[in-house]
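No lab work stands behind these numbers, since they all come straight from the coordinates. These numbers come from a predicted model, not from an experiment. Neighbour counts run over all protein chains shown; Cβ positions are idealised from the backbone, glycine included.
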């Protein structure tokens, strides 16, 4: 029986797991939600361990909450981290790749995520500038 609060998006995304007392581990996100993810990893991990999931330049703190063979379930320490929400919005139509495939910078997922993160950061910067900057740009003729 499924007990999840939110829906999960099937995705194949290479990530790395980091913690101060261990070497980084390569993993792949197999499904993703605003509250957590299912990862495939070749090394055993203890339950209830805290790791940072590195996605590109972003680190998302998470707890290992479930483990079964090579699959681990993680729960984000903060609900709906910005990078996760951005990936979920951008992930429509991403092809799955086998875990043995090395992460490629030119992959469909990588391009979509890079584009979405760039747009999300630019949008956040524009909204944080406020109406004074927008009015200034409009009066100087740069709004067109």
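Brief remarks on what is shown
- Label-to-label distance, nm, for residues given as residue 54 and residue 79 (7 Å Cα→Cβ offset): 3.0
- Compared with the direct C-alpha span, the chain from residue 68 to residue 43 gains 7.8 nm at full extension, assuming 0.36 nm per residue.
- Calculated Rg and Dmax of the range 1-92 using C-alpha coordinates, Å: 12.1, 36
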